[in-house]
1. Taking the C-alpha atoms of the chain, how large are the radius of gyration and the largest Cα-Cα span, Dmax, in Å?
2. For the range 1-32 and the range 89-153, what is the centre-to-centre distance using only Cα atoms, to the nearest Å?
3. Provide the gained length on full extension for the span residue 4 to residue 50, in nm with one decimal, where the gain is 0.36 nm per separating residue minus the Cα-Cα distance.
4. Residue by residue, what Karplus-based ³J(HN,Hα) values in Hz, rounded to whole numbers, does the range 56-61 have, using 6.51, -1.76 and 1.60 with θ = phi - 60° and x for Gly and Pro?
5. Based on the mean of other Cβ atoms within 10 Å per residue, sort peptides 110-123, 45-58, 64-77 so the most packed one is first.
6. Against the longest alpha carbon principal axis of the chain, how many degrees, from 0 to 90 and to the nearest 10, is the axis of helix 123-141 turned?
7. At R0 = 35 Å, how high is the FRET efficiency between residue 152 and residue 57 if r is their beta carbon distance? Nearest 0.05 is fine.
8. Simple spin-label model, 7 Å along Cα-to-Cβ: residue 126 to residue 83 in nm?
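Only the coordinates and a few stated rules stand behind these numbers; no lab work does. Quick caveat: nothing in here was measured; it's all calculated off a predicted structure. Please note: Cβ atoms are built from the backbone with ideal geometry, for glycine as well, and neighbour counts cover all protein chains shown.
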Amino acid sequence: MLQKRKILLLGGTGAMGVYLAPKLVDMGYQVFVTSRKDRVAKIKNLHYIQGNAHDLEFVQNVLKGHYDAIVDFMVYTTEEFSRRYECLLEATEHYLFLSSYRVYANNEGVPIKEDFPLSTTNPYGATKHMIERILTDLYVSDNEWNITILRLK
């Protein structure tokens, strides 16, 4: 019997993760979601892992079960991400980082382009951009990692 592919959602109980998790289960995946609260899954193949994903020791324990993909919804400080990206990348075949359009300065009503000025006043956007840079530099310097950055509005 083939083993189901495993996906980990870090910070996956928020506005997007609550919709993504059941869709992935419907597609045939086993889905594991970190949550600070104790949760009971109401559908088969959805598993909640209680703990704080900002706690590096907790994350390292969760990552002992290798995953086919990790979807990372977390909001990290740059220092926090720098301490954990290696273990995240080593624990998966494909790492997806959820970023934000807020990496760019305010351009309301205009389609965003890669050459727009970066935000310097929005701490959330600036941090997401720094993490994007870490991941992009890793990908460019060592093409061994399968990394996707999704920039959402």
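1. Rg and Dmax of the chain, Cα atoms, are 16.1, 53 Å.
2. 22
3. Full extension of this stretch gives 14.4 nm more.
4. Ordered by residue, 3J(HN,Hα) equals 4, 5, 4, 5, 4, 5 Hz.
5. 64-77, 45-58, 110-123
6. With both axes taken from Cα atoms, the answer is about 80 degrees.
7. Between residue 152 and residue 57 the formula returns 0.75.
8. For the pair residue 126/residue 83, the computed spacing is 2.1 nm.
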